[in-house]
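This report refers to the structure that appears directly beneath it.
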Amino acid sequence: MKRPKAPRVARPLTDLLGASDGAGSLLVAAEQLGRLERDVHALLPAALAGSVRLAPPREGALVFLVANNALAARLRQQTPSLIEGLATRGWLIRTIRIRVSIAAPEPQKPPKEARLSRQGLVSLRDLRDALEPSPLRDALARLVARHSYGGPRKP
């Protein structure tokens, strides 16, 4: 004779992550890195804050990831005040390392080649012809010319 199974109850993900030792420590580390990143961004000038990502600190060294050498040079000038500012906020950071992390360029998207159907084009021409001279009529004329088969035509 089988026992009936207890119904499953949905639990928040944070409860599940906090319950296991491995994932729980991962959750704590992620929260700590998030707080550190917020503090770093609060201490940096706004122009730099949006361009800086953090790697997890190791042995008292904080690693900043930036997109180019110019940002790295500007950030190096800020490191002494950053270390002091983080110390006042309770972070024990001895050194700051800056790495240029060049992201691979995104492949270029091919240009859109949208075409109107013949019936759609005829409808737009009829609408254009029915309108009084106006900016809307001019816009429709450009649209019809751009999508006419055989290239642009006179409106």
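The values are calculated or read from the model by the stated rules, or taken from the named source; none is laboratory data. Just so we're clear, the structure is a prediction, and the values are computed from it rather than from any experiment. Glycine also receives a Cβ, built like all others from the backbone with ideal geometry; neighbour counts cover every protein chain displayed. The accessibility values were calculated without ligands, DNA or RNA, using every heavy atom of the protein model including side chains. Shrake-Rupley method; radii C 1.70, N 1.55, O 1.52, S 1.80 Å.
Taking the conditions (1) crowded, with 16+ Cβ neighbours inside 10 Å; (2) at pLDDT below 80 in turn, residue 2 satisfies each one other than (1).
Restricting the first member to segment 62-77 and to residues that are hydrophobic (A, V, I, L, M, F, W, C), and the second to residues that are in a helix (DSSP H, G or I) and open to solvent by less than 20 Å² (accessible area, probe 1.4 Å), the beta-carbon pairs closer than 7 Å and six or more apart or on different chains are 64/75; 66/72; 66/75; 71/48; 75/48. When we screen 10, 23 for residues that are part of a loop (DSSP other than H, G, I, E, B), at pLDDT below 80 and among the aliphatic types (A, V, I, L, M), the only hit is 10. Candidates 57, 135, 107: the one that is more than 30 Å from residue 39 (Cβ to Cβ) and either modelled with pLDDT under 90 or open to solvent by less than 60 Å² (accessible area, probe 1.4 Å) (or both) is 107.
Do the conditions hold for residue 81, that is, is it surrounded by fewer than 12 Cβ atoms within 10 Å (Cβ to Cβ) and either in contact (Cβ under 8 Å) with a residue 12 or more places away in the chain or not assigned by the TED database to the domain that holds residue 49 (or both)? Yes; evaluated as a whole, the condition is true for this residue.
From the list 123, 148, 117, exactly one residue is over 33 Å from the mean Cα position of the chain (by Cα) and exposed (fewer than 12 other Cβ atoms within 10 Å of the Cβ). Which is it? Going through 123, 148, 117 in turn, just one is over 33 Å from the mean Cα position of the chain (by Cα) and exposed (fewer than 12 other Cβ atoms within 10 Å of the Cβ): 117.
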